[in-house]
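Here's the structure, in structure tokens; my notes come after.
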Amino acid sequence: MDHSNKILKPNAANLAHCAELLRDDEVIGMPTETVYGLAGNALNTSSVRKIFAVKGRPLLDPLIVHFSDLAAAEAHIETNDSVRQLAAAFWPGPLTIVVPKQASIPDLVTAGLPSVAIRVPQHPVFRNILKRLNFPLAAPSANPFGYVSPTRASHVAHTLGSRIQAVLDGGPCDFGLESTIIDLRNPQVPVILRHGPVTAAQVNKTLQIDVRSHNGAGDDTAPQSAPGLLTKHYSPTARVTLLAHGETLTADAAPESGIALICNQKPTWHTDQANIFWLSETGELNEIAHNLFELIQRLDQQGYQQLWIEQATEAGLGHAINDRLGRAAAKHEAE
Ligand code: TXA
Ligand code: MG
């Protein structure tokens, strides 16, 4: 079924219409600078329930709440100096902060946790909508639970189009990877829960403290576990096999036609072969992140059963890219 008619250009009439849908407790697809979100009124439990239902997401998995600015967020959290420093450095932008919540945030949003994940997004369309509303927006990535995050309006229409009334089209997402999540419940011990576009080194520099990383091999059954942290997540339907960075195949060992090979940068051999793809001409990390989920979803839709994907170099943004690739591949390792 084609649901591309649900994709709305962000003109004045459509923006007003989408704000009205949100005031009516509906949930819609919306662009952010990281990935597309499935947004609804964070303060209204009926909207929040719809988000979980549309995604097929377990109620144990808490949602990120999006605000127009720090002041709007501070009305609903217990704030601290580290929050203000990170907000000044990275908001609006791809950083999510976990802090103690106030009672105004429904328990349903946080899966019963006393903390809430908050973010001030940068995308002009998302910001335009927030300014029209007098409530913040809860928004997980707009994909069916466990699948790859959407980086274009068409991805949302393709997977969730039958269950929602609208997807605002903000073009391809700049970053193409979900926000970095940092746990600041204890400002003395900041912990990165999910790597993303804002790197650990950038956070260290801002807070003047060494942030820890959540050990990726978490307990997948614990109620407080953040499912973006589940070993098996972000998975396409195709089987994903990872290749070490720089270990893409050579001219005498090209992949068979049913297998798609995804390289970081344009290889020097067999570039005329239809099943060989590259994420960036030059291997630039921002470009690799920007194109990764789009290419995976395109190849999935084309029916490839197997994707061989080269890992990124383990530096800066490469850490977040390899984190997502590891989870995409884990689906099949676990089988
Ligand atoms: O870039 C993004 O963060 C996108 C856009 C739409 O903003 N959103 C996104 O949301 O990736 P989602 O729901 O797909 O991932 C949010 C992650 C989940 O793994 C969730 O478990 C974790 O954040 N999370 C949410 N609230 C939390 C909390 N109170 N404590 C710990 N983890 C939390
Ligand atoms: Mg997600």
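All of the numbers you see were taken from the coordinates with simple rules; none came from a lab. Predicted model, so just to flag it, every value in this text is computed and none were measured. Neighbour counts are summed over all protein chains in view; Cβ atoms, including those assigned to glycine, are modelled from backbone coordinates with ideal geometry.
Using alpha carbons only, how many angstrom separate the centre of region 241-273 from the centre of region 27-45?
37 Å
Hull surface divided by four, with the convex hull built on the Cα atoms of region 239-333: how many nm²?
The directionally averaged projection comes out at 5.6 nm².
Quote the relative contact order of the chain in percent (integer), defining contacts as alpha-carbon pairs under 8 Å separated by 6+ residues.
With pairs under 8 Å counted, the relative contact order is 19 percent.
Between region 148-191 and region 298-322, what is the separation of their alpha carbon centroids in Å?
17 Å
Among 76, 270, rank each residue by its count of other Cβ atoms within 10 Å, from fewest to most, as a rough exposure measure.
Taking fewest neighbouring Cβ atoms as first place, the list is 270, 76.
With 10 angstrom as the radius, rank 189, 125 by how many other C-beta atoms surround their C-beta, starting from the fewest.
189, 125
Around residue 204, what is the net charge, scoring Lys/Arg as +1 and Asp/Glu as -1 over all other residues with Cβ under 14 Å from its Cβ?
Combined, the nearby Lys, Arg, Asp and Glu give +1.
Select from 44, 141, 90 the residue farthest towards the positive end of the dipole of the chain; place +1 on Cβ of Lys and Arg, -1 on Cβ of Asp and Glu, and compute about the Cα centre.
Towards the positive end, the residue furthest out is 44.
Using a simple charge model, +1 on the beta-carbon of Lys and Arg, -1 on the beta-carbon of Asp and Glu, nothing else, what dipole does the chain show about its Cα centre, in debye to the nearest 20?
900 debye
Between 274, 315, 260, which gets the highest mean-square fluctuation from a Gaussian network model of the chain, Cα cutoff 10 Å?
It is 274.
Long-range amide H contacts for residue 7: which residues qualify at under 5 Å (H placed 1.01 Å from N, peptide plane, sequence gap of 5 or more or a different chain)?
Under 5 Å from the amide H of residue 7: 167.
Whole-Hz Karplus ³J(HN,Hα) for region 145-150, in order, using 6.51 cos²θ - 1.76 cosθ + 1.60 and θ = phi - 60°, x for Gly and Pro?
Whole-Hz 3J(HN,Hα) from phi for region 145-150: 3, x, 8, 4, 6, x.
Among 260, 7, 204, whose Cα projects farthest towards the positive end of the dipole of the chain, with charges put on the beta-carbon of Lys, Arg (+1) and Asp, Glu (-1)?
Projecting each Cα onto the dipole axis, the largest value belongs to 7.
List every residue whose amide H lies under 5 Å from the amide H of residue 239, counting only residues 5 or more places away in sequence or on a different chain, with H placed 1.01 Å from N in the peptide plane.
Here 306, 307 satisfy the definition.
Name the helices (complete DSSP H segments) of the chain with a Cα length along the long axis of 27 Å or more and a Kyte-Doolittle mean of at least 0.5, or state none.
none
Sort 51, 97 by Cβ crowding within 10 Å, fewest neighbours at the top.
Going from least to most buried by this count: 51, 97.
On full extension of the chain, what length is gained from residue 163 through residue 133, given 0.36 nm per residue of separation minus the C-alpha to C-alpha distance?
Extra length from residue 163 to residue 133 when fully extended: 8.5 nm.
For region 30-37, in order, what is each residue's ³J(HN,Hα) by Karplus, 6.51 cos²θ - 1.76 cosθ + 1.60 with θ = phi - 60°, in whole Hz (x at glycine and Pro)?
Here the 3J(HN,Hα) series is 9, x, 10, 6, 9, 9, 6, x Hz.
Roughly how many nanometres apart are two label points built 7 Å out from the Cα toward the Cβ at residue 84 and residue 272?
Going by the 7 Å Cα→Cβ label model, 6.4 nm.
For region 167-179, what does the Karplus curve 6.51 cos²θ - 1.76 cosθ + 1.60, with θ = phi - 60°, yield as ³J(HN,Hα) per residue in whole Hz, taken in order and with x for Gly and Pro?
Along region 167-179, the couplings run 10, 6, 8, x, x, x, 5, 4, 7, x, 10, 4, 4 Hz.
Using only DSSP helix segments of four residues or longer, with each worth -39500 (n - 2.57), what per-residue ellipticity at 222 nm results for the chain after dividing by its residue count and rounding to 500?
-8500 deg cm²/dmol
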